[in-house]
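Below is one structure, written out as structure tokens; the observations come after it.
The values are calculated or read from the model by the stated rules, or taken from the named source; none is laboratory data. Note that this is a predicted model, so its numbers are computed, not measured. For neighbour counting, all protein chains shown are included, and Cβ atoms are generated from backbone atoms with ideal geometry for every residue, glycine included. Each accessible area value is taken on the protein alone, full model and side chains, heavy atoms only, with ligands, DNA and RNA left out. Shrake-Rupley method; radii C 1.70, N 1.55, O 1.52, S 1.80 Å.
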Amino acid sequence: MGEGETDAFPLIWTRPQPRRRGLDREKVVAAAIGVADEAGLDGLTMKAVAARLGPYSPMALYRHVHSKEGLFDLMLDAATAEIPLPAEPGGDWRDDLRTLALETRRMTSRHPWFAMLVHARPPAGPHMMRRLEFMLTVLVRQGASVGDAMTYAALLDRHVLGSALQDSEEARQERHQGLDDDARLYAAIAALRDLAAADGSLPHLTEWLTHPAGPTPEERFVIGLDFVLDGIARRLP
């Protein structure tokens, strides 16, 4: 086992890239991201990635990524690289973290699989670590200890990535149940309204189901983000 590896998480970053004409690690990762974006994680197989690349076998891909887990780590880090990251924090810590959170959400909207994978993998990629270091730097410069800064950064990411995971799962269920069609969605809401009304003890829920309204998912995300930032602000020195 190489330096920096563990039995639980053999790190792809410690593995050298083989020299292969016409194929490299970056091409494999880009193809895998394309497959996952189009077909989801269920469709992400080495056979599908190899077919996207051309006349290569799945075994040829393993020479570059070593394992499916190694491919996941590389995909997560490549997607994280899409998030704009300033060289240094700006003059407003709250704006720095808010912008980073919004940019991360935009990335997860492009790659719905990201939130499904990131919880099960260590944030060991270079771009993932730089993003976390930026968050820690912003918070430490405001007087937080490194330990507290890590807690606050984790809370922010729990909101960002948890929201992305929920959005992805809701979209998947809506497609599965056919609720991405407006007529079927309205029919489902009407059925719930009738059920709530028949109960007789749910007046507020019945009222909302009769005239459902509220912020968009994006607006709800921002409301939650501001709640988290407000809480961090109260705890900073």
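Being at pLDDT below 90 and open to solvent by 60 Å² or more (accessible area, probe 1.4 Å) is the filter here; which residues of the stretch 195-209 pass it?
Passing the criteria: 195, 199, 200, 205, 207, 208.
With the requirement that a residue be surrounded by fewer than 15 Cβ atoms within 10 Å (Cβ to Cβ) and within 12 Å of the chain's Cα centre (by Cα), what does the stretch 110-138 give you?
110, 119, 120
Among the listed residues 192, 229, which satisfies the condition of being of a type in the set (A, V, I, L, M), surrounded by 12 or more Cβ atoms within 10 Å (Cβ to Cβ) and either within 17 Å of residue 105 (Cα to Cα) or in contact with a Ser or Thr (Cβ under 7 Å, 6 or more places away or on another chain) (or both)?
Values: 192 fails: either within 17 Å of residue 105 (Cα to Cα) or in contact with a Ser or Thr (Cβ under 7 Å, 6 or more places away or on another chain) (or both).
The unique qualifying residue is 229.
The rows are residues; the columns are (1) aliphatic (A, V, I, L, M); (2) under 16 Å from the mean Cα position of the chain (by Cα).
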residue: 37; (1), (2): no, yes
residue: 50; (1), (2): yes, no
residue: 57; (1), (2): no, no
residue: 60; (1), (2): yes, no
residue: 63; (1), (2): no, no
residue: 67; (1), (2): no, no
residue: 87; (1), (2): yes, no
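Checking the conditions here, which among 55, 10 is modelled with pLDDT under 95, open to solvent by 30 Å² or more (accessible area, probe 1.4 Å), farther than 25 Å from residue 115 by Cβ and of a type outside the set (S, T, N, Q)? Lay out the reasoning, then the answer.
On the way: 10 fails: farther than 25 Å from residue 115 by Cβ.
Of 55, 10, the one residue that is modelled with pLDDT under 95, open to solvent by 30 Å² or more (accessible area, probe 1.4 Å), farther than 25 Å from residue 115 by Cβ and of a type outside the set (S, T, N, Q) is 55.
So how many residues does the stretch 13-36 have that are part of a helix (DSSP H, G or I), touching a residue at least 24 places away in the same chain (Cβ under 8 Å), farther than 15 Å from residue 67 by Cα and open to solvent by less than 60 Å² (accessible area, probe 1.4 Å)?
Count: 2.
State all residues of the stretch 133-145 that are part of a helix (DSSP H, G or I) and in contact with a helix residue (DSSP H, G or I) (Cβ under 6 Å, 6 or more places away or on another chain); if no residue qualifies, say none.
135, 136, 138, 139, 140
Conditions: (1) modelled with pLDDT of 95 or more; (2) surrounded by fewer than 16 Cβ atoms within 10 Å (Cβ to Cβ). Residue 98 meets all but one. Number of the miss?
(2)
Which condition number does residue 42 fail, the rest of (1) more than 24 Å from residue 121 (Cβ to Cβ); (2) free of Cβ contacts under 8 Å to residues at least 12 places away in the same chain being met?
(1)
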